[in-house]
Amino acid sequence: MSIIVKLDDMLHERRMTLTELSERIGITLANLSVLKTGKARAIRFSTLDATCAALHCQPGDLLEFAPASLADVDKAALDHEAEPLCKP
């Protein structure tokens, strides 16, 4: 996947542990660990909102798009264009 999670960096900058963040935002330590290690396949906006509020940051401070290659970007764009926005 070409989304990089930078939660560990932000926690380090804020001198906060994952346990402390978990307690502040009400998300289990296990779920935050999955996010921190980059193994998460999705994140709820409510989780992102709470995390950004607790860390006083923007979503872009936590997530970064880094395509593996230009070909991957082109393929993703083509795949996206092929999908209909509304299904009948």
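The values are calculated or read from the model by the stated rules, or taken from the named source; none is laboratory data. Note that the structure is a prediction, hence the values are computed from the model and not measured. With ideal geometry, Cβ positions are generated from the backbone for all residues, glycine too; neighbour counts draw on all protein chains shown. Note: accessible area is taken over every heavy atom of the protein model, side chains too, but ligands, DNA and RNA are not part of it. Shrake-Rupley method; radii C 1.70, N 1.55, O 1.52, S 1.80 Å.
Remark: the stretch 13-28, residue by residue, has Karplus-estimated 3J(HN,Hα) of 4, 8, 6, 10, 8, 5, 4, 5, 4, 4, 5, 5, 9, x, 10, 4 Hz, where x stands for each Gly or Pro and the curve is 6.51 cos²θ - 1.76 cosθ + 1.60 at θ = phi - 60°. In the assembled protein chains, Asp8 presents an accessible area of approximately 80 Å² (probe radius 1.4 Å). Distance between the modelled labels on Arg15 and Thr37, one decimal in nanometres: 2.9 nm (7 Å Cα→Cβ projection). For Leu63, nonlocal amide neighbours, meaning residues 5 or more places apart or on other chains whose placed amide H falls under 5 Å from its own, are Lys6. Spin-label pair Ile3-Asp61: with each label point 7 Å from Cα along the Cα-Cβ axis, the two points sit 1.9 nm from one another.
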